[in-house]
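Notes follow once the structure below has been shown.
Just so it is clear, none of the values below were taken in a lab; they were calculated from the coordinates. Treat the numbers as computed from the prediction; the structure is a model and nothing was measured. Note that each Cβ is placed from the backbone with ideal geometry, even for glycine, and that neighbours are counted across all protein chains shown.
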Amino acid sequence: MITRNQYSYTHTLAEKIFSCWHCLRQKLHRKRHLFAGPFAGEFGVELMQWQGFVRARKPLYESVHVLTYPGRDYLYEGCHVHYHDIDLKKAGYWYGLLSPEQARRMAEAKAVEIGLEDYDIFNTSLLCTRYHKILFWRQEFRLLEEPPLAPKPFDIAFHFRAVQKEGPDVSKNYSPALADELAARCREQGLSVICVGHPDYAYCARGCADHRSVDLRESVAAICSARALAGENSGASHLANLCGRPTILWANDQWRIDFSLRWNPFRVPIYIAANDTSQPAPARVLAAITDALRDLRERTNNYTQPARTFPAQRIADC
């Protein structure tokens with residue numbers, strides 16, 4: 001049986017101990033600059049784990065350089081953002097497949113290229129266990145907000161995952177036929193719907209306004225234009241929660257849903273359409289959407305109050 005762990009790097013005991021030494025050194029003898037990265041894992045992990053730790057460390061340094069995927073600049077305001085060329089579809093899960101040594105070599109090579117000196121390297125090996133995260137580091141989360149695209153909010157932003165990634169999770173992709181039917185059923189009920197996500201990794205259902213974008217700021221603006229986001233639990237659903245927007249989720253295992261429930265720093269409402277399939281029937285999802293919107297209307301005094309809660313809570317639990 002293929003598991004996700006086969007597609008993410010597993011640290012040895014020696015590497016975990018050695019990373020503790022690096023954590024202590026950076027805590028006690030900080031250098032002038034920080035090189036954060038490379039980050040080469042899942043988008044949801046970058047949102048709900050990695051960028052929160054980088055954000056908390058930013059005020060401690062004269063400058064912060066981040067090495068990540070193209071288009072992620074929006075997450076690192078005030079930082080110098082650089083791109084690597086690792087293929088997202090082959091990068092693996094969680095924090096990805098890079099070993100600590102590979103990550104260190106990439107960071108050092110980029111530092112030489114940009115002329116950076118006197119710097120700490122903060123890579124994902126320093127977060128290799130929950131104990132590293134809790135004992136050495138803290139997280140900060142910024143509520144992601146952009147002006148809405150239209151004066152009247154859309155009812156639902158859909159994210160239909162459509163990435164052919166190496167590993168066991170291809171089945172997470174909601175079929176285009178089901179997506180088209182779901183969008184049509186929503187419109188028949190008078191709901192206004194749009195589609196969001198990266199154009200290379202998300203499907204736009206027929207009849208939906210296409211607000212997919214390679215620009216993360218534009219994606220945030222689209223999500224902020226909807227009352228809630230619906231889709232397979234994925235990076236886009238985590239992004240919606242960071243925007244303070246509720247989500248209606250489905251997944252083929254409860255443990256996936258559990259991650260979404262825990263990875264919710266602003267504690268926005270999360271509704272479950274299905275926890276036993278990645279291909280729930282459109283009628284089942286529509287029922288969950290209808291119930292969620294009814295509940296949100298009551299919770300927020302007819303959508304006049306935010307559904308989020310401050311302050312943000314840390315989520316260093318894995």
At 25 °C in a medium of viscosity 0.890 mPa s, the chain has a Stokes-Einstein diffusion coefficient, with Rh taken as the Kirkwood radius over alpha carbon pairs, in µm² per second, of 121 µm²/s
Using the Kirkwood radius over Cα pairs of region 161-234, the Stokes-Einstein translational diffusion coefficient at 37 °C and 0.692 mPa s, in µm²/s and rounded to a whole number, is 253 µm²/s
ASP87 and ARG267 label points (each 7 Å along its Cα→Cβ direction) are spaced in nm at 4.4 nm
Projected onto their principal axes, the Cα atoms of region 154-299 stretch, largest extent first, over whole-Å spans of 42, 33, 32
Residue span LEU28 to THR10: 0.36 nm per residue of separation minus Cα-Cα distance leaves a gain in nm of 3.8 nm
Note on region 4-136: alpha-carbon gyration tensor, axes a ≥ b ≥ c; rule is a/c under 1.5 for rounded, else prolate if a/b larger than b/c, else oblate; result rounded
Under the 7 Å Cα-to-Cβ spin-label approximation, ALA283 and SER99 lie apart by a distance in nanometres of 5.4 nm
Nearest-0.05 FRET efficiency for GLU188 and ARG138 at R0 = 45 Å, using Cβ-Cβ distance, is 0.40
Between the alpha carbon centres of region 45-66 and region 123-189 the gap in Å comes to 20 Å
Under the rule rounded for a/c under 1.5, else prolate if a/b exceeds b/c, else oblate, using alpha carbon gyration tensor axes a ≥ b ≥ c, region 119-200 is classed as oblate
The chain, Gaussian network, Cα under 10 Å: of ALA36, ALA14, ALA162, the residue fluctuating most is ALA14
So, relative contact order of the chain in percent, Cα under 8 Å, 6 or more apart, is 17 percent
The long-range amide H neighbours of PHE160, using H built 1.01 Å from N in the peptide plane and a cut-off of under 5 Å, are VAL196, TYR203
FRET efficiency for TRP21 and ALA56 from the Cβ-Cβ distance with R0 = 22 Å, rounded to 0.05, comes out at 0.60
Note on the chain: helices (DSSP H) long enough, at least 15 Å by alpha carbon along their axis, and hydrophobic enough, mean Kyte-Doolittle at least -1.0, are 13-28, 100-114, 176-188, 282-299
For GLU145 and ASP210, extending 7 Å from Cα along the Cα-Cβ vector and measuring point to point gives, in nm, a value of 3.2 nm
Restricting to lysines and to Cα separations under 20 Å from LYS90, and discarding same-chain partners fewer than 8 apart, the set is LYS165, LYS172
Scoring region 25-157 by relative contact order with C-alpha pairs under 8 Å, at least six apart, yields a percentage of 35 percent
